[in-house]
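The values are calculated or read from the model by the stated rules, or taken from the named source; none is laboratory data. Since we're looking at a predicted model, the values are computed, not measured. Don't worry about glycine lacking a Cβ; one is built from the backbone with ideal geometry, like all the others, and counts go over all protein chains shown. Keep in mind that these areas ignore ligands, DNA and RNA; they rest on the heavy atoms of the full protein, side chains included. Shrake-Rupley method; radii C 1.70, N 1.55, O 1.52, S 1.80 Å.
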Amino acid sequence: YLKISKVCSMLEKNKNFIFAKRKISNIKTSFNLNPFWITGFCDAEGCFSVIISRRSAYNWRVTVSFEINLHIKDVAILYKIEKFFGVGSVTIRPKVSKCVYRVTKIEDIINVIIPHFTSYPLISQKCSDFLFWSKVATLMYTKQHLTSTGFNTILSYYAAINKGMSAKVLSAFPDIKASTREKVILPEKLNPYWVSGFTAGDGGFYVGIRSKTDQIYFRFDITQHSRDNQLMNLFINFFGCGKVFLRNNCNRSDFYIQDFSKISNIVIPHFDSYPLYNAKSLDYPDFKIAAGLFKSEGKNSLTAIKGIISNMNSKRK
């Protein structure tokens with residue numbers, strides 16, 4: 001992997017990417033992550049994993065980990081999260097353009113990760129996974145996973161987490177029943193830092209031009225699994241605008257704002273005050289610049305906005 005400094009060095013060799021170099025460097029500038037931002041980002045991107053694997057015919061192994069898996073372009077934020085928690089490590093897989101922050105040491109999970117999410121709770125359905133996961137970690141910490149009773153209890157938690165039991169484990173323990181998932185209690189109001197952290201993971205800023213009319217439009221949205229549809233509706237209360245669309249055919253729920261005046265007067269001021277910090281913080285300024293151009297020049301900004309769109313989001317060089 002080429003770390004940020006090496007990437008910048010490469011960019012210096014190509015004058016067409018000098019502006020990109022400045023933007024990458026901006027991600028690495030000094031800042032302190034708010035703990036609610038961390039939780040919001042983990043509600044979107046975090047994973048509480050329990051793995052049951054066979055050691056031998058009659059011996060099974062239990063491992064737990066807390067992970068955040070991202071595209072390699074977002075490695076800078078993983079290093080900041082690693083610094084925030086003070087435990088775990090970042091691994092980079094350049095061949096597949098992936099990077100992961102992972103905590104596997106049981107003492108670190110018990111003493112750092114669980115206390116954080118207890119003090120700053122997850123509010124998506126991932127919270128239910130966390131509660132079972134933390135129970136598994138506690139049983140492991142007290143060595144109860146080495147007993148038959150403790151192991152069977154872990155299996156019941158494991159069956160209720162994420163996608164449930166793997167086919168291999170289910171075939172070996174067909175009588176294990178999944179524990180009942182606890183109902184996630186949503187807050188009355190969303191924390192603004194949490195909103196920005198969650199948006200950094202699952203949000204998007206889009207500028208488009210309708211081909212037939214050259215009409216410029218703006219869209220801010222957040223997409224999540226349909227099981228979190230109630231959570232998505234809280235964004236309407238938070239921003240005081242927007243809509244939620246439930247896509248039943250693919251189990252997705254979308255919160256979105258397309259009213260330009262709302263984007264200009266509500267969305268942009270929010271993210272100016274509560275930054276994104278990850279690679280999405282490169283797309284937001286472009287979104288903001290395009291909105292400013294459109295607000296001041298209207299359709300006369302078409303050419304300039306086309307230039308911005310050509311190097312935004314997935315088209316960014």
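What are the residues in the stretch 97-112 that are aliphatic (A, V, I, L, M) and within 24 Å of Met165 (Cα to Cα), if any?
Answer for the stretch 97-112, where residues must be aliphatic (A, V, I, L, M) and within 24 Å of Met165 (Cα to Cα): Val100, Val103, Ile106, Ile109, Ile110.
For the stretch 204-212, the criterion of being of a type in the set (S, T, N, Q) and touching a residue at least 24 places away in the same chain (Cβ under 8 Å) is met by none of the residues. Residue pairs whose Cβ atoms lie under 7 Å apart, separated by 6 or more positions or on different chains, with the first residue in the stretch 67-83 and open to solvent by less than 20 Å² (accessible area, probe 1.4 Å) and the second part of a helix (DSSP H, G or I) and modelled with pLDDT of 95 or more, are Ile68/Cys42; Ile68/Glu45; Ile68/Leu78; Ile68/Ile81; Leu70/Glu45; Leu70/Leu78; Ile81/Ile38.
Go through the stretch 109-129 and count every residue that is in contact with a Leu (Cβ under 7 Å, 6 or more places away or on another chain) and open to solvent by less than 10 Å² (accessible area, probe 1.4 Å).
Residues meeting the conditions: 1.
Beta carbons closer than 6 Å, at least 6 apart along the sequence or on distinct chains, pair a first residue in the stretch 23-42 that is farther than 16 Å from Trp194 by Cα with a second that is open to solvent by 20 Å² or more (accessible area, probe 1.4 Å) and modelled with pLDDT of 50 or more for Lys23/Leu282. If you go through the stretch 164-199 and keep only what is open to solvent by 40 Å² or more (accessible area, probe 1.4 Å), more than 18 Å from the chain's Cα centre (by Cα) and under 17 Å from Phe235 (Cβ atoms), you end up with Leu186, Pro187, Glu188, Lys189. Here is a check on your reading of the model: is Lys177 outside any loop (DSSP other than H, G, I, E, B) and of a type in the set (D, E, K, R)? Considered against the rule, which asks whether it is outside any loop (DSSP other than H, G, I, E, B) and of a type in the set (D, E, K, R), Lys177 comes out as no.
Of the helices (runs of 4 or more DSSP H) lying entirely inside the stretch 67-174, those containing at least 1 residues that are within 18 Å of Phe41 (Cβ to Cβ) and in contact with a Phe, Trp or Tyr (Cβ under 8 Å, 6 or more places away or on another chain) span 75-85, 114-119, 126-141.
Those strands (runs of 3 or more DSSP E) of the stretch 215-317 in which at least 1 residues are more than 16 Å from Phe198 (Cβ to Cβ) and modelled with pLDDT under 95, considering only elements entirely within it, cover 215-225, 243-247. For the stretch 180-194, taking the residues that are among the hydrophobic types (A, V, I, L, M, F, W, C) and assigned to a loop (DSSP other than H, G, I, E, B), the one that is nearest to Ser128 (Cα to Cα) is identified as Val184. One residue stands out among those in the stretch 238-247 that are in contact (Cβ under 8 Å) with a residue 12 or more places away in the chain and more than 21 Å from Lys126 (Cβ to Cβ): the one that is most open to solvent (accessible area, probe 1.4 Å), which is Lys243. The number of residues in the stretch 136-148 that are open to solvent by 10 Å² or more (accessible area, probe 1.4 Å) and within 23 Å of the chain's Cα centre (by Cα) comes to 0.
If I filter the stretch 41-63 down to residues being open to solvent by 60 Å² or more (accessible area, probe 1.4 Å) and assigned to a strand (DSSP E or B), which single residue comes out as modelled with the lowest pLDDT? Looking at residues that are open to solvent by 60 Å² or more (accessible area, probe 1.4 Å) and assigned to a strand (DSSP E or B), I get Arg55. Do we have Ser97 as at pLDDT below 95 and closer than 30 Å to Ile222 by Cβ here? Answer is yes for this residue. If the requirement is being open to solvent by 20 Å² or more (accessible area, probe 1.4 Å), in contact (Cβ under 8 Å) with a residue 60 or more places away in the chain and of a type in the set (Lys, Arg), which of these qualifies: Arg219, Arg227? That would be Arg227, the only listed residue that is open to solvent by 20 Å² or more (accessible area, probe 1.4 Å), in contact (Cβ under 8 Å) with a residue 60 or more places away in the chain and of a type in the set (Lys, Arg).
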